[in-house]
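One structure below.
The values are calculated or read from the model by the stated rules, or taken from the named source; none is laboratory data. In this text, all values refer to a predicted model and were calculated from it rather than measured experimentally. Note: ideal-geometry Cβ built from the backbone for every residue, glycine included; neighbour counts use all protein chains shown.
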Amino acid sequence: MNIGSANQTNPPAQTATAEPELSITEAQADLIARFQVLEDWMERYQYIIDLGRKLPSFPDEWCIEDNRLHGCQSQVWLRAEKRGNRLHFDATSDAAIVLGLIAILLRIYGDRRPEEILSTRPDFIKEIGLDSHLSATRSNGLHSMLKALFGYAQNAVLETSG
């Protein structure tokens, strides 16, 4: 997984990404609290879909094979860019629920230092009940997305230390 591979179209270079408002631990706690106030899984699924609708647009030129994630039933594209000492992710999917799952992952892991990403287990998945309420194929896709995020972070650490 190369960050910013040569055949990708990149936006204007940015030297740094602002630190997220919440720490990674606070972001997880906030997400868990938001899910706890929703009364049932129909409301939770709607919330997930709404999160996905709020993601920034993902340009068509980024929908290339190098950005495509395999292991997901839906089409998923994920792009990573190192901005200063943080990893910025852009992603999209052709499925509304998956797009919402992407939004959740980016809320937790986006614009973080690679070491932060690697040291933060995705315990929120169990805490909000995603582990038991997603179909097997969506659960596999979620884990493929997590594996990709952690892979980008690992590569960034190796690039920095190597």
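Buried (at least 20 other Cβ atoms within 10 Å of the Cβ) and acidic (Asp, Glu), is that true of Asp90? Considered against the rule, which asks whether it is buried (at least 20 other Cβ atoms within 10 Å of the Cβ) and acidic (Asp, Glu), Asp90 comes out as yes.
Which of the residues spanning the stretch 68-92 are in contact with a Leu (Cβ under 6 Å, 6 or more places away or on another chain) and farther than 17 Å from Ile108 by Cα? Correct list: Leu69, Val76. When we screen Ser161, Ser93 for residues that are of a type outside the set (Phe, Trp, Tyr) and in contact with a helix residue (DSSP H, G or I) (Cβ under 7 Å, 6 or more places away or on another chain), the only hit is Ser93.
Only residues that are farther than 17 Å from Gly110 by Cβ and touching a helix residue (DSSP H, G or I) at 6+ places or on another chain (Cβ under 6 Å) were counted across the stretch 22-34, and they come to 1. Yes or no: Leu101 in contact (Cβ under 8 Å) with a residue 40 or more places away in the chain, assigned to a helix (DSSP H, G or I), within 17 Å of Met42 (Cα to Cα) and within 14 Å of the chain's Cα centre (by Cα)? Taking the combined requirement at face value, the residue satisfies it. Based on what the data block shows, is Ser93 hydroxyl-bearing (Ser, Thr, Tyr), under 16 Å from the mean Cα position of the chain (by Cα) and more than 18 Å from Gly141 (Cβ to Cβ)? Answer is no for this residue.
In the stretch 88-95, is there at least one residue being outside any strand (DSSP E or B), more than 20 Å from Ala153 (Cα to Cα) and in contact with a strand residue (DSSP E or B) (Cβ under 9 Å, 6 or more places away or on another chain)? Among the residues of the stretch 88-95, at least one is outside any strand (DSSP E or B), more than 20 Å from Ala153 (Cα to Cα) and in contact with a strand residue (DSSP E or B) (Cβ under 9 Å, 6 or more places away or on another chain), which makes the answer yes. Among the residues examined, Ile108 qualifies as in a helix (DSSP H, G or I), at pLDDT 95 or above and buried (at least 16 other Cβ atoms within 10 Å of the Cβ).
Answer yes or no: is there a residue in the stretch 131-147 that is touching a Phe, Trp or Tyr at 6+ places or on another chain (Cβ under 6 Å), at pLDDT 95 or above and surrounded by fewer than 22 Cβ atoms within 10 Å (Cβ to Cβ). Checked the stretch 131-147: no residue is touching a Phe, Trp or Tyr at 6+ places or on another chain (Cβ under 6 Å), at pLDDT 95 or above and surrounded by fewer than 22 Cβ atoms within 10 Å (Cβ to Cβ).
Total residues in the stretch 104-123 satisfying the condition of being without any contact (Cβ under 8 Å) to a residue 12 or more places away in the chain and among the polar types (S, T, N, Q): the figure is 1. In the set (1) over 22 Å from Leu38 (Cβ atoms); (2) buried (at least 19 other Cβ atoms within 10 Å of the Cβ), Gly84 fails one condition alone, (2). From the list Ile64, Ile117, Ile97, the one residue that fits, being aliphatic (A, V, I, L, M) and within 20 Å of Ala27 (Cβ to Cβ), is Ile117.
Give the residue, chosen from Leu118, Leu78, that is surrounded by 14 or more Cβ atoms within 10 Å (Cβ to Cβ), touching a strand residue (DSSP E or B) at 6+ places or on another chain (Cβ under 6 Å) and modelled with pLDDT of 95 or more. So the residue among Leu118, Leu78 that is surrounded by 14 or more Cβ atoms within 10 Å (Cβ to Cβ), touching a strand residue (DSSP E or B) at 6+ places or on another chain (Cβ under 6 Å) and modelled with pLDDT of 95 or more is Leu78.
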